[in-house]
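One structure is given here, and the rest of the page talks about it.
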Amino acid sequence: MTRGEMKACAEVAAEAFHSYDYFTIYFPDAKERMEYLRTIIASEYRANRHAAHLLVMREGKDIVAVAQLHAPDYKKPSDLKYLLSGFTKIYKTANRQTIDDWLSMDAKAGEPCHQKAKDAWYLSSLVVAPQYQRGHYGKRMIEEGIIPYVERHNGSRLALFTNSEGNCRFYEKLGFQQFDSRAIEYKGKKMGSWSYVKNLR
């Protein structure tokens, strides 16, 4: 991902994530949710430009899929780095307490991967642009992009978590094994959280 296409990539990710329970449970208002997604994802990409591995799949000039990968030695950018990336602007998009609740949940949702698969590369996010979904681009991004990339960097395992049962079936078909399952509840609404890992060698 180049610096110049970060905004466009964040827009693709925001559109792809817009209907996910992971966000709708916390931000039921569609307009507010979209603004929150645009802001936090753009900030995440900017802060992690040199810390994470940001991959993009293109079809002609279109951005089809975007992935953020963390190597096992990944170090989260400093608070200053996030501040300079515009992270605090998220608090202009929605209620502060709701945002803090979401950030706390997001950190906890990734704990199984960080604790039980420490030696694995971590797929922090993978999105396919809505207009390209159901076109096997997610499968191609995993098999032709992400896995070869991890292998070229001497990675032998790939871990991730998802909150969609449909995504569970998708990853299982690609050979990922579930190693953790838990429920997340917020204000009476529930969703699942499933962690997966795949041995590449």
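The values are calculated or read from the model by the stated rules, or taken from the named source; none is laboratory data. Quick caveat, the model's predicted, so the values are computed rather than measured. Cβ coordinates were reconstructed from backbone atoms using ideal geometry, including for glycine residues, and neighbour counts include every protein chain displayed.
Among the residues of region 107-118, is any of a type in the set (S, T, N, Q), more than 16 Å from Thr24 (Cα to Cα) and modelled with pLDDT of 95 or more? There is no residue in region 107-118 that is of a type in the set (S, T, N, Q), more than 16 Å from Thr24 (Cα to Cα) and modelled with pLDDT of 95 or more. Against the test of being touching a helix residue (DSSP H, G or I) at 6+ places or on another chain (Cβ under 8 Å), among the charged types (D, E, K, R) and either buried (at least 17 other Cβ atoms within 10 Å of the Cβ) or free of Cβ contacts under 8 Å to residues at least 40 places away in the same chain (or both), the options Lys81, Lys76 yield a single qualifying residue, Lys81. The set of residues in region 108-130 that are in contact (Cβ under 8 Å) with a residue 60 or more places away in the chain and closer than 16 Å to Lys198 by Cβ comprises Pro112, Cys113, Lys116, Ala117, Ala120, Ser124, Leu126. Of all the numbered requirements in (1) among the hydroxyl-bearing types (Ser, Thr, Tyr); (2) under 23 Å from Gly138 (Cβ atoms); (3) under 14 Å from the mean Cα position of the chain (by Cα), Thr24 misses one, and that requirement is (3). For region 45-67, residues that are part of a helix (DSSP H, G or I) and either under 12 Å from the mean Cα position of the chain (by Cα) or among the aliphatic types (A, V, I, L, M) (or both) total 2. Of the residues making up region 1-38, those that are over 25 Å from Arg58 (Cα atoms), of a type in the set (A, V, I, L, M, F, W, C) and surrounded by fewer than 21 Cβ atoms within 10 Å (Cβ to Cβ) are Phe23, Ile25, Ala30.
The listed residues are Ala51, Ala71, Ala67, Ala42, and the only one of them that is surrounded by 20 or more Cβ atoms within 10 Å (Cβ to Cβ), closer than 26 Å to Val197 by Cβ and not aromatic (Phe, Trp, Tyr) turns out to be Ala67. Scanning region 1-12 for residues that are in contact with a Lys or Arg (Cβ under 9 Å, 6 or more places away or on another chain) and in contact (Cβ under 8 Å) with a residue 60 or more places away in the chain gives a single hit, Met1. Which of the residues that make up region 1-44 are part of a loop (DSSP other than H, G, I, E, B) and among the hydrophobic types (A, V, I, L, M, F, W, C)? Scanning region 1-44 gives Met1, Ile25, Phe27. Inside region 131-159, residues that are in contact (Cβ under 8 Å) with a residue 40 or more places away in the chain and under 14 Å from Leu200 (Cα atoms) make up a count of 12.
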